[in-house]
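The values are calculated or read from the model by the stated rules, or taken from the named source; none is laboratory data. Just so it is clear, the structure is predicted and the values come from calculations on it, not from any experiment. Note that each Cβ is placed from the backbone with ideal geometry, even for glycine, and that neighbours are counted across all protein chains shown. Accessible surface areas use protein heavy atoms only, side chains included; no ligands, DNA or RNA. Shrake-Rupley method; radii C 1.70, N 1.55, O 1.52, S 1.80 Å.
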Amino acid sequence: MGNEESAELHCKAQTLMKKKLLFISLLIFSHSFGQAKKGKTNTKKVPRAVEIKEIPYEERISTIKDDSYGDSSIAVESAPTIQEEDSNTIYNSAGIEVKPEFPGGNDKFVTFFSKNFQYSDEMKEAELKGRIFISFIVEQDGSITNIKIIRGLGFGTDVEALRIIKRMPKWNPGEQNGKKVRCSYTVPITIYATK
């Protein structure tokens with residue numbers, strides 16, 4: 001027998017051993033799994049559900065014990081009391097119940113803006129196209145404050161957009177929990193100047 005034949009036989013023997021070991025492992029696993037199905041179950045008692053009640057603020061951290069088992073307990077830290085919302089809180093328009101709205105809706109806003117936006121000769125000559133992003137706060141009474149250009153296009157478009165936003169009528173304010181609230185709002189405005 002040569003070295004090549006010996007190496008080949010050795011390789012086949014190793015493969016056969018691996019297959020037998022895998023078969024024996026699967027056999028043991030399936031046998032032990034089958035025993036659990038036949039009714040050999042864990043005889044330990046399963047603890048019953050315990051009702052957890054809020055603990056007063058003065059006792060922030062305490063332990064609740066279940067008397068039936070004696071050794072089971074749960075450490076609970078109760079939440080602090082909810083404070084009244086400040087009237088100066090500014091909400092994000094994306095996360096409130098009733099979003100602020102231009103009187104008449106978004107279509108009326110687009111009409112108002114396009115009617116009042118005056119394209120300068122410089123804008124028309126450059127055939128300016130793009131978007132301006134403006135953010136502002138809609139106050140509880142619907143007035144607009146804290147106007148900022150987030151992204152502008154230049155050529156005087158920012159100044160013109162600010163002029164129009166300042167001239168807008170009062171909006172319908174946002175609402176949260178049935179109360180009118182201050183709300184931040186961001187508006188994308190598309191500019192399309194042609195000669």
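Assess whether G142 counts as being on the phi > 0 side of the Ramachandran plot and either touching an Asp or Glu at 6+ places or on another chain (Cβ under 8 Å) or not in a loop (DSSP other than H, G, I, E, B) (or both). Steps first, please.
On the way: on the phi > 0 side of the Ramachandran plot: yes; either touching an Asp or Glu at 6+ places or on another chain (Cβ under 8 Å) or not in a loop (DSSP other than H, G, I, E, B) (or both): no.
In short, no.
Of the listed requirements (1) under 13 Å from I189 (Cβ atoms); (2) touching a Pro at 6+ places or on another chain (Cβ under 8 Å), N106 misses just one: (2).
Do we have any residue at all in region 107-120 that's open to solvent by less than 90 Å² (accessible area, probe 1.4 Å), part of a strand (DSSP E or B) and in contact with a Phe, Trp or Tyr (Cβ under 8 Å, 6 or more places away or on another chain)?
The answer is no, given that none of the residues of region 107-120 is open to solvent by less than 90 Å² (accessible area, probe 1.4 Å), part of a strand (DSSP E or B) and in contact with a Phe, Trp or Tyr (Cβ under 8 Å, 6 or more places away or on another chain).
Beta carbons closer than 7 Å, at least 6 apart along the sequence or on distinct chains, pair a first residue in region 109-120 that is touching a residue at least 24 places away in the same chain (Cβ under 8 Å) with a second that is surrounded by 13 or more Cβ atoms within 10 Å (Cβ to Cβ) and part of a helix (DSSP H, G or I) for F113/I164; N116/I164; F117/E160; F117/I164; Q118/E160.
Scanning region 129-176 for residues that are open to solvent by 60 Å² or more (accessible area, probe 1.4 Å), of a type in the set (V, I, T) and more than 26 Å from the chain's Cα centre (by Cα) returns a single hit, V159.
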